[in-house]
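First the structure, in the form of structure tokens, and then the observations on it.
The values are calculated or read from the model by the stated rules, or taken from the named source; none is laboratory data. Since this is a predicted model, take the numbers as computed values, not measurements. Every residue, glycine as well, gets a Cβ built from its backbone with ideal geometry; the counts of neighbours run over all protein chains shown.
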Amino acid sequence: MTGTRVQRALGGHAAIGLLVSALLYLIALSGTLIVVHDRWQRWEQPDIVETATLSPAAVQAAMQAALVRDRGKPPTTHLYIRLPNEDLPRGVVTTDHGASYVDGSGQIVGREAHSWTEFLIGLHEYLHLPATWGVILVGALGVALAALVVTGVLAHPRILRDAFRLRMRQDPQIARADWHNRIGVWTLPFVLAVALTGAFIGLGSVGTTMLARAYAGGKLEAIYAPVFGHEPAPNPAKAALPDIATALAAVRTRVPEAVPTYVIVHEPGTMGQHVQVIAEHPRRLIYGETYAFDARGGWRGPVGLADGAIGQQVAASAYNLHFGNYAGLPVEIAYILFGLGLCVVTATGTSLWLRKRQRRGLGGTRLTACWSVVIWGTPLLIVALAWLRALAGPDVPLATVFWSALAAAIAAAAARPSWFPDVALRTILAAALIATALVHLLLFRTAPGSVLAIDVIVLALAIAALTLSRRRSA
Amino acid sequence: MIAAALLLILVAVALVRLGWGGRRGVAGAGWALGIAALLMLAARDGAWGLAIGTVTGIAAALAFVLHAGWTSPAKTRRAPREAPAILLPRRWHDLGRRVLVFVLVVPIAFCAAQWLAFAVQAVARRAGAGDADTMVMTLLLQPILWAVLMAWQMTRAGPARMVAPPAAAALLGTALWCAA
């Protein structure tokens, strides 16, 4: 790879892009969808009783109800109670043996069975690989994305001159290049932020393992403790359940501006049990502060994520900055649009390279068909899995079906490229989205407006895409 | 206050668009106004303010780009027949070269970045930084350093020249480790 700096940068950009583009596209697409994963969870299970709040007494009752539900099973090591909020106005109690929704009085009203939403989250966070390796791979892909940004800027000498040029009604190759460059340039701060925070989260286990070996005799908890707090030593001797209600009341009295989001009970029903309340702080990037309590609800104090060491605040901010859940629906919508932009940049990048090959007579029909399957077949499969989840129940192995079907479709595209024309795949996807939204809307027409809003938005977007596509090809 | 700062950011992006390709002073004023508004938000609401200001700015810029696309004239100009930036390997030698590049850019650069990040935290620890700060610094620095190394390597002409970036990082890491 010789030539000018720009040519070398373009070569490096293309090489990294071709290596990672398919996986990067899957992560970008699933990440875009799960910005509002709580809303998808409601959409997936729209007929669950909802509640705007859970009183401290109801939270206490929810804990007891979950332990009654688990009777006869090994004691749970942790118990989590998610408190309702605007995105998910449902209480959820989770133990080692499963998760259940609870109503306003803390009584169990149904199983948390959002396996399709969890499938999307798993695709984004670890590509359904064994968790540790998958998270590391996704973190490494975040680094590759950051390197793509750097080489992309170096390969783009006319970055300022072309800043607002989008020739989308010219030759498709010119339009593709403009989409790739313009969206890439203007979403650069967003892409760098999500790429590096994603890499921070994904590769964290490697760094902490190294630090643990160097400074703590291999004990990871000792490395995490200065940031996320210490875990008291367990004591398995039996004890009465902890007083969560008192702990929640203490948070409301001592930190009235904080909004509790989670209650975590460690080793419930043992002498070593203790309680943590995670509470959001308005107008902060941190996901929340963790307040620690003893079993009787006695105040032990905050961990320091809100106003402790800078490192603690930075670590606690990385998650919200990555997932876009720090300023309500407007920022979530912006993250979805920027995420779609990243999908466009990823898709057009490889398409540009494939088209250049074809125009130079280097072939590539099979590769182009495979790429079309990745770009349009993946969302189509995601829609198909929503149907499968609805028809066959939440215990269907969605990840296995997804990867098998995607591999089969790519193999079929390589064998018979003419079966997978771009336009047909796009049209089928739009039709599938319209059908799904319409059926959901009709079946669950009595569901809350914010659930049905998803159907209306999907419907509108699919119809608009179909109309624009037909107008362009006319 | 927040609304005013966000409005200023919208005005700033509009000025950048107005000055684009024409009056550079207007675009410069737009950039200056945007930075001032971001600083206002950061001063008032810290990282949260900076984040929502940046999101607003990106959204506004994308709106202008999409508008430019929507109003762009339809032409039949053909794109030039450029050569693809890289070619698929066709011989064993090419494939071996790609594997070598992969090894240099992925596992070797990863380890070099990890070592340098670890050494930097050791220096910070020696200088009195706390456990939380040094731990998070290590985790943040590693991907940043790896991305820089990756970009640096991938803009070199050939695998031989790709050795220098991770080697330099590893040497610097060793020097810092010894100094700590």
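Scanning the range B:149-167 for residues that are at the interface with chain A (Cβ under 7 Å from one of its Cβ atoms) and in contact (Cβ under 8 Å) with a residue 12 or more places away in the chain gives B:150, B:154.
When restricted to residues that are surrounded by fewer than 21 Cβ atoms within 10 Å (Cβ to Cβ) and more than 7 Å from chain A (Cβ to nearest Cβ), the range B:39-59 contains 7.
One residue stands out among those in the range A:283-314 that are touching a strand residue (DSSP E or B) at 6+ places or on another chain (Cβ under 9 Å) and within 9 Å of chain B (Cβ to nearest Cβ): the one that is farthest from residue B:46 (Cα to Cα), which is A:304.
With (1) facing another protein chain (nearest Cβ under 7 Å); (2) over 30 Å from residue B:94 (Cα atoms); (3) not aromatic (Phe, Trp, Tyr) as the list, and residue B:129 as the residue in question, which single condition is left unmet? Every listed condition holds for residue B:129 apart from (1).
If you go through the range A:315-326 and keep only what is at the interface with chain B (Cβ under 7 Å from one of its Cβ atoms) and either surrounded by fewer than 20 Cβ atoms within 10 Å (Cβ to Cβ) or within 14 Å of residue A:202 (Cα to Cα) (or both), you end up with just A:315. Condition test on residue B:113, is it more than 8 Å from every other protein chain (Cβ to nearest Cβ) and under 30 Å from residue B:1 (Cβ atoms)? No: the conditions fail for residue B:113. Here the condition is being surrounded by 16 or more Cβ atoms within 10 Å (Cβ to Cβ), at negative phi and in a loop (DSSP other than H, G, I, E, B); of A:462, A:437, A:447, it holds for A:447 alone. The set of residues in the range A:325-347 that are under 16 Å from residue A:23 (Cα atoms) and among the polar types (S, T, N, Q) contains only A:346. Between A:367, A:425, the distinction of being within 11 Å of chain B (Cβ to nearest Cβ) and either closer than 29 Å to residue B:82 by Cβ or surrounded by 21 or more Cβ atoms within 10 Å (Cβ to Cβ) (or both) belongs to A:367 only. For the range B:74-93, the candidate set comprises residues that are at pLDDT 75 or above, more than 22 Å from residue A:7 (Cβ to Cβ) and at the interface with chain A (Cβ under 7 Å from one of its Cβ atoms); within that set, the residue that is surrounded by the fewest Cβ atoms within 10 Å (Cβ to Cβ) is B:74.
Within the bounds of the range B:155-165, is there any residue that is on the phi > 0 side of the Ramachandran plot and at pLDDT below 95? Yes: the range B:155-165 contains one or more residues that are on the phi > 0 side of the Ramachandran plot and at pLDDT below 95.
Could you list, in sequence order, the residues of the range B:42-60 that are in contact (Cβ under 8 Å) with a residue 40 or more places away in the chain, of a type outside the set (A, V, I, L, M, F, W, C) and under 20 Å from residue A:186 (Cα atoms)?
Within the range B:42-60, the subset in contact (Cβ under 8 Å) with a residue 40 or more places away in the chain is B:44-45, B:49, B:52-53, B:56-57, B:60.
Right, trim to of a type outside the set (A, V, I, L, M, F, W, C) and you get B:44-45, B:49, B:53, B:56-57.
Of everything in the range B:42-60, those that are in contact (Cβ under 8 Å) with a residue 40 or more places away in the chain, of a type outside the set (A, V, I, L, M, F, W, C) and under 20 Å from residue A:186 (Cα atoms) turn out to be B:49, B:53, B:56, B:57.
Within the range A:214-259, the set of residues being of a type in the set (Lys, Arg), within 31 Å of the chain's Cα centre (by Cα) and in a helix (DSSP H, G or I) comprises A:252 only.
Among the residues of the range A:375-403, those that are part of a helix (DSSP H, G or I), over 17 Å from residue A:27 (Cβ atoms) and not hydrophobic (A, V, I, L, M, F, W, C) comprise A:389, A:400.
Evaluating residue A:138 against the criteria (1) modelled with pLDDT of 95 or more; (2) within 8 Å of another protein chain (Cβ to nearest Cβ) leaves one unmet condition, (2).
Selection over the range A:151-191 of residues that are within 7 Å of another protein chain (Cβ to nearest Cβ), among the β-branched types (Val, Ile, Thr) and surrounded by fewer than 22 Cβ atoms within 10 Å (Cβ to Cβ) gives a count of 1.
Taken together, A:79, A:83, A:10, A:26 contain a single residue that is more than 14 Å from chain B (Cβ to nearest Cβ), closer than 30 Å to residue A:152 by Cα and either touching a residue at least 12 places away in the same chain (Cβ under 8 Å) or surrounded by fewer than 22 Cβ atoms within 10 Å (Cβ to Cβ) (or both), which is A:26.
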